[in-house]
Amino acid sequence: MSYKINGYEKKPNAISQEMAEFLSNYFLIKRQVANVLVGETNLLGGWDDLQVPDTYAHYADIAMETLLAKMLPVVEKIVGIKLVPQYSYARIYKKGDELKPHKDRPSCEISTTMFLGGDKWKIYMEGKAIDLKPGDMCVYKGCELEHWRNKFKGKDCVQVFLHYTTKTKTSIRYDNRGMLGLPV
């Protein structure tokens, strides 16, 4: 499976299983804290995701933004060009969730999905099913390839999406934010 041929590539062990488990547990605990503090602040994420309603997600979580920066050279090696980091987005899918077929917005020109923990759940790229283990990542052309997930039958599935764009003289960094970690 080659990125240059198919527009996507699976990268086994992009991070260690221990790091994936750490990030998964961190995000599961964060969801619990956000649930207790719901209405107090949206800085801990929330349940207002338009793609997957009533599912906990967080745009630009600082730990996930750190991962976005750390994975930049790995993703650049796969796609073969210099990239600009845009943003991270993490979700904890729950039983019954479904990610409808879609293509991403321009800030997601080069996207990744990384399985951090919980129950496995296939992602489909143009109809091809991809299985990921904790720590595995799939790099894909987010704006070009239609991708989705069928109805989830497990309990929880912790995923993080890391988004990049190709580097040009006029590249905008960090999804129009001043720095990594800032909310929209």
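Just so it is clear, none of the values below were taken in a lab; they were calculated from the coordinates. Model, not experiment: these values are computed from the prediction. Ideal geometry is used to build each Cβ from the backbone, glycine not excepted, and the neighbour counts take in all protein chains shown.
Residue by residue, what Karplus-based ³J(HN,Hα) values in Hz, rounded to whole numbers, does the range 159-167 have, using 6.51, -1.76 and 1.60 with θ = phi - 60° and x for Gly and Pro?
Here the 3J(HN,Hα) series is 10, 10, 10, 10, 10, 9, 10, 6, 7 Hz.
Looking at Val36, Pro12, Ala57, which one has the Cα that reaches farthest to the positive end of the dipole of the range 1-140 (charges on Cβ: Lys, Arg +1; Asp, Glu -1)?
Pro12
As a quick test, which of the pairs Lys30/Lys128; Lys4/Lys153; Lys70/Lys95; Lys10/Lys133 have an alpha carbon distance above 22 angstrom in this structure? Provide the component values of the computation, followed by the final result.
On the way: Lys30/Lys128 32 Å; Lys4/Lys153 33 Å; Lys70/Lys95 31 Å; Lys10/Lys133 11 Å.
Where the Cα-Cα span goes over 22 Å, the pairs concerned are Lys30/Lys128; Lys4/Lys153; Lys70/Lys95.
Which value, in debye to the nearest 20, describes the size of the charge dipole of the chain about its Cα centre when Lys and Arg Cβ atoms bear +1, Asp and Glu Cβ atoms bear -1, and nothing else is charged? Provide the component values of the computation, followed by the final result.
Working: 27 positive and 22 negative charges, 89 e Å.
That gives a dipole near 420 debye.
What does the C-alpha gyration tensor say about the overall shape of the range 141-184? Classify as rounded when a/c is under 1.5, otherwise prolate if a/b is larger than b/c, or oblate. Write out the running numbers ahead of the final one.
Numbers: a/c = 4.19, a/b = 1.73, b/c = 2.42.
Oblate, because a/c is 1.5 or more while a/b does not exceed b/c.
Counting Lys and Arg as +1 and Asp and Glu as -1, each charge on the Cβ, what is the dipole of the range 105-184 about the Cα centre in debye, to the nearest 20?
Working: 14 positive and 9 negative charges, 15 e Å.
The calculated dipole for the range 105-184 is roughly 80 debye.
Normalized C-alpha radius of gyration of the chain, against 2.2 N^0.38 Å? Please report the intermediate quantities before stating the final value.
Working: Rg = 15.4 Å, N = 184, 2.2 N^0.38 = 16.0 Å.
This ratio for the chain stands at 0.96.
Is the C-alpha gyration tensor of the range 28-132 telling us rounded, prolate or oblate? Criteria: a/c under 1.5 is rounded; beyond that, a/b larger than b/c is prolate, otherwise oblate. Working shown, then result.
Values: a/c = 1.91, a/b = 1.34, b/c = 1.43.
Verdict is oblate for the range 28-132.
Students often get this wrong: which residues of the range 140-184 have the backbone nitrogen under 12 Å from the point 7 angstrom along Cα-to-C-beta of Lys95?
Those under the cut-off are 152-156.
If I model a spin label as a point 7 Å beyond the Cα along the Cα-Cβ vector, how far apart are those points for Gln51 and Gln17 in nm?
2.7
Taking 8 Å as the Cα distance limit and 6 or more residues as the minimum spacing, I'd like the relative contact order of the chain as a percentage.
Working: 399 pairs, mean separation 54.8, N = 184.
Reported as a whole number, the value is 30 percent.
Please work out the FRET efficiency for the pair Ile5 and Lys103, using the Cβ-Cβ distance as r and a Förster radius of 25 Å; give the result to the nearest 0.05.
Details: r = 19 Å, r/R0 = 0.76.
For R0 = 25 Å, the calculated efficiency reads 0.85.
Relative contact order for the range 85-178: what percent, with Cα pairs under 8 Å and sequence separation of 6 or more?
Working: 218 pairs, mean separation 44.1, N = 94.
RCO, the range 85-178: 47 percent.
Could you calculate the FRET efficiency of Leu28 with Lys167 from 1/(1 + (r/R0)^6), where r is the beta carbon distance between them and R0 is 30 Å, rounded to 0.05? Let's see the in-between values first.
On the way: r = 34 Å, r/R0 = 1.15.
Calculated transfer efficiency: 0.30.
What is the spin-label model distance, in nm, from Tyr124 to Met179 if the labels are put 7 Å beyond Cα along the C-beta direction?
4.3
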